[in-house]
Amino acid sequence: MSMFSQGGARLTRRVIDAHYVEAMVLADEARGYFDQAGRDDRSQLDPALRVSFACESLKVTTRLMHVIAWLLTQRAVDAGEIASDAALSPSRRLGAPAISDDDVVAQLPDRARDIVAASSELFDRIARLDAELGREAQDSPVHALHAKLSGAF
């Protein structure tokens, strides 16, 4: 089992791959629901809630694409295609989540609520991993030395 480190935090390829598969399955499920199966559900909503339904589907997609991009970055680190320090740059970090409005989500059909909740939960798990990698990178002696050197010049 391959292990890789970013700033001292260690992720296994198995953990990254499991999250990647989960994200891809959820993305396919969300696409299938919001593009096809959810049409009947959406058509039964009042017009304002239809707009909210569409907005929530975009938020789900945004969350999942951010998660997938982050996981692909971690795979690239593991494969040696990206340096672990480069993976910690702000452009490769997870970023801010697309926040769902709980009051709106509560009014959506059951299946839509389930998908919104699953995408939020997955995003939160990945955000914890991302935060831990960033925190450990800041605490690493190498990072501290690099910061001192940068400040000296």
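Each reported figure results from applying straightforward, stated rules to the coordinates on display, with no laboratory input. Since the structure is predicted, the reported quantities are computational estimates derived from the model, not experimental observations. Note that we place each Cβ from the backbone using ideal geometry, even for glycine, and neighbour counts take in every protein chain shown.
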What FRET efficiency would be calculated for the residue pair S91, R135, taking the C-beta separation as r and a Förster radius of 22 Å, to the nearest 0.05? 0.70
Between R128 and D28, take the C-beta separation as r, use R0 = 22 Å, and let me know the FRET efficiency to the nearest 0.05. 0.35
For a quick protection proxy, order the peptides 35-43, 13-21, 66-74 by their average other-Cβ count within 10 Å, most packed first. 66-74, 13-21, 35-43
Report the extension gain between T12 and V104 in nm, rounded to one decimal, defined as 0.36 nm multiplied by the number of residues separating them, less their alpha carbon distance. 29.4 nm
Tell me whether the stretch 3-148 comes out rounded, prolate or oblate; compute the Cα gyration tensor, take square roots of the eigenvalues as a ≥ b ≥ c, and use a/c under 1.5 as the rounded threshold. prolate
Could you please report the charge total around R42, scoring K, R as +1 and D, E as -1 over all other residues with beta-carbon less than 14 angstrom from its beta-carbon? -2
